[in-house]
Structure formats: C-alpha cells, structure tokens
Amino acid sequence: QVQLVESGGGLVQPGGSLRLSCAASGSIIKIGTVGWFRQAPGNQRDSVAFITSTGDTNYADSVKGRFTISRGNAKNTVYLEMNNLKPEDTTVYYCYADLRIRPLGPFDTYWGQGTQVTVSS
C-alpha cells in the first residue's frame, strides 16, 4: 500500500522558518512530479510548489523567493523549506506525488494526510 507521510509543521513566529518533509513508501515503480498544496477552511486547495522528475520547479507567486522545494537523494522524499513566514501562510499543507505503481501503468496522484502550519506571534 502506498503512503505519503508528512512531517515538520508547527507553530512559528512571523519571519520564522519551517521545513516540511513528505516521504513516499510502498510498492512504487516510478515517482513523477511531487509537490505541495495548501488549503484553508472553506477555501479551495491551492498549489504552493511542485518539482518534476527532471528537477524543474514551479512556485505560487505568493511564496516565490521565500519557499524552496527540493527532492531528497533517495528521490522518494520531498521537502518544502519555508522562510520569512507570514501569518497568511497559516493553513494545512498537503503533499502529493504522481506515482506509477504498476509496470507500464499510468501515473496516479496520491496525497498525504496534511500538516498544520501556524504563523503567529
């Protein structure tokens, strides 16, 4: 069974930093694009950043210059380094990964359980 497990959320003061991690486990043939969304209560889930299998990255305008997405050496882990955090960054962050779990099968999107980030003084 494939799982995405997130960690690293918490409470931080404005201007502070947090590092989110997301590790994929299970019978995975290949990992494609991985990334992070965030969703506040009552709002839609918005893309924060993603990184492709070739290393190309994309960021939401609201986080450019503050957040950095990267993949671990083992390629089954993705990190989101968040600097200069603002109160408006407060919400639940979800990681996702496009995974192939069957030989020659399609890539399907899997989601983590979400981790809360709170930016407050």
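Annotations
- Selection of the stretch 14-38 for residues being modelled with pLDDT of 95 or more, touching a Phe, Trp or Tyr at 6+ places or on another chain (Cβ under 9 Å) and open to solvent by 30 Å² or more (accessible area, probe 1.4 Å) yields R19, T33, F37, R38.
- Scan of the stretch 102-121 for residues that are surrounded by 11 or more Cβ atoms within 10 Å (Cβ to Cβ), more than 10 Å from the chain's Cα centre (by Cα) and not β-branched (V, I, T), ordered by number: G105, F107, D108, Y110, Q113, Q116
- Criterion applied to T68, T54, T90, T77 was being without any contact (Cβ under 8 Å) to a residue 12 or more places away in the chain and on the phi < 0 side of the Ramachandran plot, and the one residue passing it is T54.
- T57 being open to solvent by 50 Å² or more (accessible area, probe 1.4 Å), within 26 Å of D108 (Cβ to Cβ) and out of contact with any helix residue (DSSP H, G or I) (no Cβ under 9 Å at 6 or more places or on another chain): yes
- Pair list, Cβ under 8 Å, 6 or more apart: the stretch 28-49 residue more than 25 Å from P87 (Cα to Cα), other residue of a type in the set (A, V, I, L, M, F, W, C) and assigned to a loop (DSSP other than H, G, I, E, B): I28/V2; I28/I101; I29/I101; K30/F107; G32/F107
- Flag if L99 is within 19 Å of Q39 (Cα to Cα) and either open to solvent by 50 Å² or more (accessible area, probe 1.4 Å) or touching a strand residue (DSSP E or B) at 6+ places or on another chain (Cβ under 8 Å) (or both): no
- Across the stretch 88-121, the qualifying residues are those that are among the β-branched types (V, I, T) and part of a strand (DSSP E or B), and the one among them that is farthest from P14 (Cα to Cα) is T109.
The values are calculated or read from the model by the stated rules, or taken from the named source; none is laboratory data. A quick note: this is a predicted structure, and the numbers were derived from the prediction, not measured. Using ideal geometry, Cβ is built from the backbone for each residue, glycine included, and neighbour counts are taken over all protein chains shown. The area values use the complete protein model at the heavy-atom level, side chains included, leaving out ligands, DNA and RNA. Shrake-Rupley method; radii C 1.70, N 1.55, O 1.52, S 1.80 Å.
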